[in-house]
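Let me give you the structure first, and then I'll get to my questions.
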Amino acid sequence: MDTLVTALHVKIDDDRAGLARLPGRPPKPSHSELLCLAVMQALLGHHNEARWLRHARKHLSEAFPHIPLDPGYNKRLRAALPQISRVGQRHLQRAA
């Protein structure tokens, strides 16, 4: 599991390297960590966000020390949907 988390986090950070950062204090968890949590949620088949976040707090707290509460996770994830779809399209085009 640790290897999967590390590989996903590195890949997502690499994909985000060229994107501009917003001014102000960076959020916790970082945008890359949030996307990594979302990808892991999908890969591991967790459909319920509340259950996923409880699982992540219990089993992944070393990799993700700042796991947001349910409303914050949902709000930030919805805001990141355009970026998630761009990354997904980019990877699908490479695979084709």
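Tell me the helices (runs of 4 or more DSSP H) entirely within the stretch 35-95 that contain at least 2 residues that are modelled with pLDDT under 90 and of a type outside the set (Asp, Glu).
70-79, 81-95
Scan the stretch 3-27 residue by residue and report those that are part of a helix (DSSP H, G or I), at pLDDT 65 or above and basic (Lys, Arg).
Within the stretch 3-27, just 11 meets the criteria.
When the stretch 26-61 is examined, which residues are found to be among the charged types (D, E, K, R) and touching a helix residue (DSSP H, G or I) at 6+ places or on another chain (Cβ under 8 Å)?
Listed by number, the residues that qualify are 33, 49.
Cβ-Cβ distance below 7 Å, separation of 6 or more or different chains: which pairs start in the stretch 62-88 with a residue that is more than 12 Å from residue 38 (Cα to Cα) and end on one that is of a type in the set (Val, Ile, Thr)?
The qualifying pairs are 63/5.
The values are calculated or read from the model by the stated rules, or taken from the named source; none is laboratory data. Computed from a prediction, not measured in an experiment: that's the story for all the values here. Cβ sites come from the backbone with ideal geometry, for glycine too, and all protein chains shown count toward neighbours.
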